[in-house]
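We did not get these values from a lab; they are worked out from the coordinates using the rules stated. Source: prediction; values computed, not measured. Here the Cβ is made from the backbone with ideal geometry for all residues, glycine too, and neighbour counts use every protein chain on show.
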Amino acid sequence: MKIARESKNMTKVDLSKKTGISVVSIRLAETGQIVPTPSALRLYAHALGVTVAYLGCYENLPEDTLGQKITKARLYHGMTKSEFAKEIGVNVRTLYAWEADRYIPSINLDKYLSILQN
């Protein structure tokens, strides 16, 4: 996020004004001391004119299981669990179960998972 912010010649204060997120939270996010929520990532991405994926928040997330891949794809698309569940037409509890690897999806998620490397 810091690289994107600096490439736009924005200060943390500028980004704070554009997003409504405190300067302290921005600093903590940029130094890896906190992980921004999907809604905060969307605000950052919009203010910086980049995609959520560009911010790189998901790069270090594992992709070992299908549940981890679903979580990573959801974050790539900048959605909360509720938003993603609505987008794909399932109950939030179902999505929780998929992301926890308790159940295998009965619908095709290739459209969302195609952004992953594995």
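When the charge dipole of the chain is built from unit charges on Cβ atoms (+1 for Lys and Arg, -1 for Asp and Glu) and taken about the Cα centre, the candidate among I88, A73, A47 whose Cα reaches farthest toward its positive end is A47. Values (i) 1.03; (ii) 1.23; (iii) 1.14 are given for comparison; Cα Rg over 2.2 N^0.38 Å, derived from the coordinates here, is the one labelled (iii).
Each helix, a run of at least 4 DSSP H residues, gives -39500 (n - 2.57); summed and divided by the residues of the chain, these come to -14500 deg cm²/dmol at 222 nm.
Hey, with R₀ at 35 Å, roughly what FRET efficiency would Y96 and V13 work out to, going by the Cβ-Cβ distance, to 0.05? Taking R0 as 35 Å, the efficiency between Y96 and V13 is 0.40. Each Cα pair under 8 Å and six or more residues apart adds its separation to the average, and for the stretch 39-118 the resulting relative contact order is 29 percent. Sticking with the crude label model, points 7 Å out along Cα→Cβ, report the distance from V23 to K2 in nm, one decimal please. In this crude label model, V23 to K2 measures out at 1.7 nm.
Specify the angular offset, from 0 to 90 degrees and rounded to the nearest 10, of the alpha carbon long axis of helix 38-48 from the longest principal axis of the alpha carbons in the chain. Between the helix axis and the principal axis of the chain, the angle is about 40 degrees.
Positive-end ranking of S25, M1, I115 along the dipole of the chain, with charges on Cβ about the Cα centre, is headed by S25. In this simple spin-label model, placing a label point 7 Å from the Cα along the Cα-to-Cβ direction at both N108 and E63 gives a separation of 2.0 nm. Modelled label positions at K86 and Q33, each set 7 Å beyond Cα in the direction of Cβ, lie 3.3 nm from each other.
In terms of its C-alpha gyration tensor, the stretch 1-45 has a rounded overall shape, because the principal axis ratio a/c (a ≥ b ≥ c, square roots of the eigenvalues) stays below 1.5.
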